[in-house]
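Q: Would you mind keeping the following structure in view while I ask a few things?
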Amino acid sequence: MWDTLILNPMVNALLFIYNLLGPQLGLAGAFGFAIILFTILIRLITLPLTVKQQQSTQRMQELQQDKRFLKLQEKNKGNKQKLQEEQMKLYRELGINPFSGCLPTVIQFPIIFGLYGAVIRALAHAPVQLLEFSKHIYSSIPSTLIPLDSRFLWMDLGQPERLQVGGLSGVPFLAQGIPVLAIIVVITTYLQTKLTTPPSPGGQGAQMTQVMNVYMPLFLGYFAYSLASGLALYFMVSNLLGIAQAIVLKRMRANRTVGAKVVKERALPKG
Amino acid sequence: MIAKDPVSILPTSLLFAAALLLAGCAGAAVRGATSWPGLASDGDLAFVAYNQAVYAVDLESGALRWKYPAAPERGRVFYAPPAVSSEGSLIVGDFFNQITALDPANGSVKWGPLQLSKPTQRIIGGPTIEGEVLLVVSSDGRLYARDVSTGEGLWEFPAASNEPLVGGLWSGPVVSGNRIFLSALDHNLYVLDLDTGDLIWNEPPNLGGAIADSPVLSDGLILVGTFSNQLRAMAADGGSIQWSFEAHNWVWGSPAVGDGLAYFGDLSGTLHAVALDNGAETWSAAVGSSISASPVFFEGQVFTVTQNGVVSAREASTGSELWQRTLEAQLLSDPLLAGDTLLVATTAGTPLLTAFLVESGATRWSFTPAQGQ
């Protein structure tokens, strides 16, 4: 079921793009470009869901600055259960579904997993993986594509990435080269997490946000450092698109807020 | 101080959990078993290269004689079929791109491990020994010729001028006279001079699909299975295509040859028998699961293993089944004939090695490494 509906279509879409760019158009580094294009495509498809999730997070954040919400917090300081009941009542009054931000995230999961699985499988560099990969390929995809040419810029996308720079042979940790992609993944993951996680006023939520801001970049950075660079490329592109998306959404929201203020001021009686 | 509503951080928490899961999946996918056991025998012992050790198993009793290395070593895993030299060396290649010569009697190191190129590359195909020359293929796309007694380098052949070779070299070369026949994942068949490593056929024939296993030489023909669903036969003296047989899916293993026929399986789960002189199909049998291993021909019988664990013997002339056994594991490795015994190694299952009597299919013994072995 998972393979038929999600994984196989993604694997074959990736191969289709690779075939178009590489064997058909003769583009060098076609597999790297195929990963980039495919990630953009998937991000575009899931854009409405991401927008909805970010809007919902934003609404929840704004609500926390609302006078009524603050009053509730103050009033039910020592009674957690009562506080929760009152909060739910307020959500209902204002027509907000506090879980509406989760649904788009949950729906995105299979797509993210599928994309990830497709990239991993296409990077088969050993017999068991290649044999497994063969089961996912549609008969319409020419078998002459196999094995995929995994060279992209200075990387072999099936191997961990290191940029060889002369004169580093004696430098500790850098003798094998500089892990450029891993560094970019750490930075972009940090920026993306920062941009998409609303600032927290304090308490448990704030702690968790801080933990995520620190550990998520390190965590993905470590995997980008130690696993096939095709995955690191996917992490990087996905992060960059996430950052761009978050910036655009923030600007759009800011413009709307300014617009609403202007309308409100104009509507007020003069004097 | 105001406590943040936990509901508002749910989406981000979920994404974080997804990232953890994804990273875990990637780790598992990359670090899991990456190949299947490699088998060899010197007539007294069977050698199985699988995962973190090479096991030497007594052919009579199935008892473990020794294993190398004695304790697992970081980064060293073995899948390539070992090679036994007539002068008493067992050559093993590992997934750290190293070769080591062992004493087959006790597993002690004669020389090595010697690093061929980057440790991120792998030795997947089995080494070949021809006289004093040891030939080793690497996933880096190079064929290495070394002195079998010392491991000293003789020459190297880069199968592609623009390295790394796409897909690399996964199958051991075959030697006939002074010529080396080397098949590659880049769809080409290379023919080289054994003394110098120079190309004999300056324009290597492109066979239209990746080649994952060794070529087979028989009756003046070179037979090669390809991922373009074909078994191709070329003239051994010039490389001209004599015939091509269209299978139903990728042909991963090498064909077995006997009684004027070539026997091979494809990933659709069909075993084919085609005439060597014209490539016409004599018979075929649907076996119910992918065949990636090479069949074995012996005295009018053909033995095959399938991915879903079935070992079978068929009459070579008609394809009718003589016996069938099932193991609870995947069978991806080429089975090996040792006297009147068929050795079958399993992937991700137990026992690791089973010895069947070719006559009846009865189990002689089976070998499973004990805990900690």
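Q: Across the range A:141-150, what is the number of residues that are free of Cβ contacts under 8 Å to residues at least 40 places away in the same chain and either open to solvent by 30 Å² or more (accessible area, probe 1.4 Å) or out of contact with any His (no Cβ under 9 Å at 6 or more places or on another chain) (or both)?
A: Of the residues in that region, 2 qualify.
Q: Looking at (1) open to solvent by 30 Å² or more (accessible area, probe 1.4 Å); (2) away from chain B (no Cβ under 11 Å); (3) modelled with pLDDT of 90 or more, can you tell me which one residue A:136 breaks?
A: In the conditions (1) open to solvent by 30 Å² or more (accessible area, probe 1.4 Å); (2) away from chain B (no Cβ under 11 Å); (3) modelled with pLDDT of 90 or more, residue A:136 misses (1) alone.
Q: For the range B:95-104, state whether one or more residues are of a type outside the set (S, T, N, Q) and modelled with pLDDT under 95.
A: yes
Q: In the range B:117-140, which residue that is open to solvent by less than 20 Å² (accessible area, probe 1.4 Å) and away from chain A (no Cβ under 12 Å) is farthest from residue B:175 (Cα to Cα)?
A: B:138
Q: Still on this structure, please answer the following. Can you find a residue in the range B:321-329 that is free of Cβ contacts under 8 Å to residues at least 12 places away in the same chain, away from chain A (no Cβ under 14 Å) and of a type outside the set (Asp, Glu)?
A: No, the range B:321-329 contains no residue that is free of Cβ contacts under 8 Å to residues at least 12 places away in the same chain, away from chain A (no Cβ under 14 Å) and of a type outside the set (Asp, Glu).
To keep it simple, each residue is scored yes or no on (1) under 30 Å from residue B:354 (Cα atoms); (2) within 14 Å of another protein chain (Cβ to nearest Cβ); (3) modelled with pLDDT under 95.
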position	(1), (2), (3)
B:240	no, no, yes
B:256	yes, no, no
B:289	yes, yes, no
B:293	yes, yes, no
B:303	yes, no, no
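Q: I need a count of the residues in the range B:265-275 that are without any contact (Cβ under 8 Å) to a residue 40 or more places away in the chain and away from chain A (no Cβ under 14 Å).
A: Residues flagged as without any contact (Cβ under 8 Å) to a residue 40 or more places away in the chain and away from chain A (no Cβ under 14 Å) within the range B:265-275 amount to 2.
Q: Inspect all residues belonging to the range A:114-125 and state whether any of them is open to solvent by 50 Å² or more (accessible area, probe 1.4 Å), at pLDDT 80 or above, within 11 Å of another protein chain (Cβ to nearest Cβ) and closer than 30 Å to residue B:95 by Cα.
A: Yes, the range A:114-125 has at least one match.
Q: Strands (runs of 3 or more DSSP E) wholly in the range B:282-361 with at least 1 residues that are open to solvent by less than 20 Å² (accessible area, probe 1.4 Å) and polar (S, T, N, Q) - which ones?
A: Result: B:301-305, B:310-315, B:341-345, B:353-357.
Q: Related question: Given (1) open to solvent by 10 Å² or more (accessible area, probe 1.4 Å); (2) within 14 Å of chain A (Cβ to nearest Cβ); (3) in contact (Cβ under 8 Å) with a residue 40 or more places away in the chain, where does residue B:217 come up short, assuming only one miss?
A: (2)
Q: Then there's this: Select from the range B:74-116 the residues that are of a type in the set (Gly, Ala, Ser) and within 21 Å of the chain's Cα centre (by Cα) and list them in ascending order.
A: Of everything in the range B:74-116, those that are of a type in the set (Gly, Ala, Ser) and within 21 Å of the chain's Cα centre (by Cα) turn out to be B:75, B:80, B:83, B:85, B:89, B:93, B:101.
Q: Starting from residues that are open to solvent by less than 30 Å² (accessible area, probe 1.4 Å), under 34 Å from the mean Cα position of the chain (by Cα) and not polar (S, T, N, Q), keep the ones in the range A:58-87 and report whichever is farthest from residue A:254 (Cα to Cα).
A: A:83
Q: Moving to a separate point now. Quick one: which of B:174, B:166 is modelled with pLDDT of 95 or more and open to solvent by 10 Å² or more (accessible area, probe 1.4 Å)?
A: B:174
Q: May I ask you to list the residues in the range A:104-139 that are among the hydroxyl-bearing types (Ser, Thr, Tyr) and either touching a residue at least 24 places away in the same chain (Cβ under 8 Å) or outside any loop (DSSP other than H, G, I, E, B) (or both)?
A: A:105, A:116, A:134, A:138
Q: Would you check if there is a residue in the range B:114-137 being over 29 Å from residue B:236 (Cα atoms) and part of a strand (DSSP E or B)?
A: yes
Q: Do we have any residue at all in the range A:152-175 that's among the β-branched types (Val, Ile, Thr), more than 14 Å from chain B (Cβ to nearest Cβ) and under 18 Å from residue A:223 (Cβ atoms)?
A: Within the range A:152-175, not a single residue is among the β-branched types (Val, Ile, Thr), more than 14 Å from chain B (Cβ to nearest Cβ) and under 18 Å from residue A:223 (Cβ atoms).
Q: Can we say residue A:34 is aliphatic (A, V, I, L, M), assigned by TED's automatic domain parsing to the domain that holds residue A:137 and over 26 Å from residue A:247 (Cα atoms)?
A: Taking the combined requirement at face value, the residue does not satisfy it.
Q: Still on this model: Just one of A:172, A:198, A:217, A:160 is assigned to a loop (DSSP other than H, G, I, E, B), closer than 30 Å to residue A:251 by Cα and modelled with pLDDT under 90; which is it?
A: Exactly one of A:172, A:198, A:217, A:160 is assigned to a loop (DSSP other than H, G, I, E, B), closer than 30 Å to residue A:251 by Cα and modelled with pLDDT under 90, namely A:198.
Q: Further question on the same structure: Could you grab the pairs with beta carbons closer than 6 Å, sequence gap of 6+ or different chains, first residue in the range A:151-172 and open to solvent by less than 50 Å² (accessible area, probe 1.4 Å), second one in a strand (DSSP E or B)?
A: Pairs found: A:161/A:155.
The values are calculated or read from the model by the stated rules, or taken from the named source; none is laboratory data. Predicted, not measured: the structure shown is a model, and the values here were computed from it. Positions of Cβ are backbone-derived with ideal geometry, glycine not excepted, and every protein chain shown enters the neighbour counts. Side chains are part of the model used for accessible areas, which takes the heavy atoms of the whole protein and leaves out ligands, DNA and RNA. Shrake-Rupley method; radii C 1.70, N 1.55, O 1.52, S 1.80 Å.
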